[in-house]
Amino acid sequence: MIMQSLDTVSLPAGGEPARPPGTRRPAPVSLGDPALDAALPEGGLELGVVHEVVPAGPGDMAATLGFGLGLLARIAAARPGPVLWATARDPGRHGTAYPVGMAAAGFDPGRLIHLNGRTAHDVLWALEESLATPGIAAAIGVLAHDGQRYDFTASRRLSLRAAAAGGTAIVLRTDGGANGGIGASAAATRWSVAARPSLPVRHPGHAMPGLGAPRWRVELVRCKRGRPRDWLVEWDHETLRFHLAAPLADRAPVQTDAGARRHADTDRWHAA
């Protein structure tokens, strides 16, 4: 079942987060590359906290969604249970969950709970409730346009709920810029994502190269107990891992059959 309702997952009674006695914060999750993990103070992506992901510019929302989905997939691979994807109704349909695309990225859409709220307030409410729900592995909230509701107070509420119950939330902003329109925040990390060209891949028997793994310039803008860093990363949908990507300049160019023939003709002309 691709889409579920929050009503199908048991929520704790009352509005206060309840953490079982003796429960410890979950162990961090590796991002898949030692260099990325080493930059994070916990040696991996910290759970039981809030993470923010924002586009570096107006044209980087797809890259931001892709990176956010990668983070969600890493968490979901380490923790059982459904995941929440909460969006507000938006004419541009920013951040709407697309099960086929999620499956192509390596994420099982059968674990998805999709909530389409009316406003950013609904998205923030859903994130708060999911953080206190033991059966949910993680939650993503996409905030577009009216995301001004997400300020320091809202991030603090989410962080307190996450710390109390051990849940993990990823807040995706559609606003451009490294800060995504956000000032001070209680989130553990903030990531800024920019799209970068994928490396072409040659397929035997095909003249035109195909697209390689998704590639992004990822900047760790803010990190509690950590330093800002940036990397060129790729996402491997087969292993569900991030890894550092070599610059395009360091890779041999992919040559089409037509290009090979042109070089061959040029060599023959010089030989003559």
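Roughly how far apart, in whole Å, are the Cα centres of region 211-237 and region 58-89?
Between the Cα centre of region 211-237 and that of region 58-89, the gap is 14 Å.
How long is the gain from Asp236 to Asp151 if the chain were fully straight, where each residue apart is worth 0.36 nm and the alpha carbon distance is subtracted?
So the extension gain works out to 27.3 nm.
May I ask you to order 162-168, 110-116 by the average number of other C-beta atoms within 10 Å around their residues, highest value first?
Listed from highest to lowest mean packing, they are 162-168, 110-116.
Evaluate the distance, in nm, between pseudo-label points positioned 7 Å from the Cα of Leu199 and of Arg229 along their respective Cα→Cβ axes.
Calculated label separation equals 2.0 nm.
Want the number for Ala246 to Ala184: 0.36 nm per residue separation, take away the alpha-carbon distance, what's left?
Full extension of this stretch gives 19.0 nm more.
Testing the spin-label approximation: label points 7 Å from Cα along Cα→Cβ at Tyr98 and Trp125. State their distance in nm.
So the label points at Tyr98 and Trp125 sit 2.9 nm apart.
Computed FRET efficiency, Cβ-Cβ of Ala213 and Arg25, R0 35 Å: what is it to the nearest 0.05?
In this case the efficiency is close to 0.65.
All of the numbers you see were taken from the coordinates with simple rules; none came from a lab. Just so you know, these numbers come straight off a predicted model, no measurement behind them. Reconstructed Cβ throughout: ideal geometry from the backbone, glycine too, with neighbour counts over all protein chains shown.
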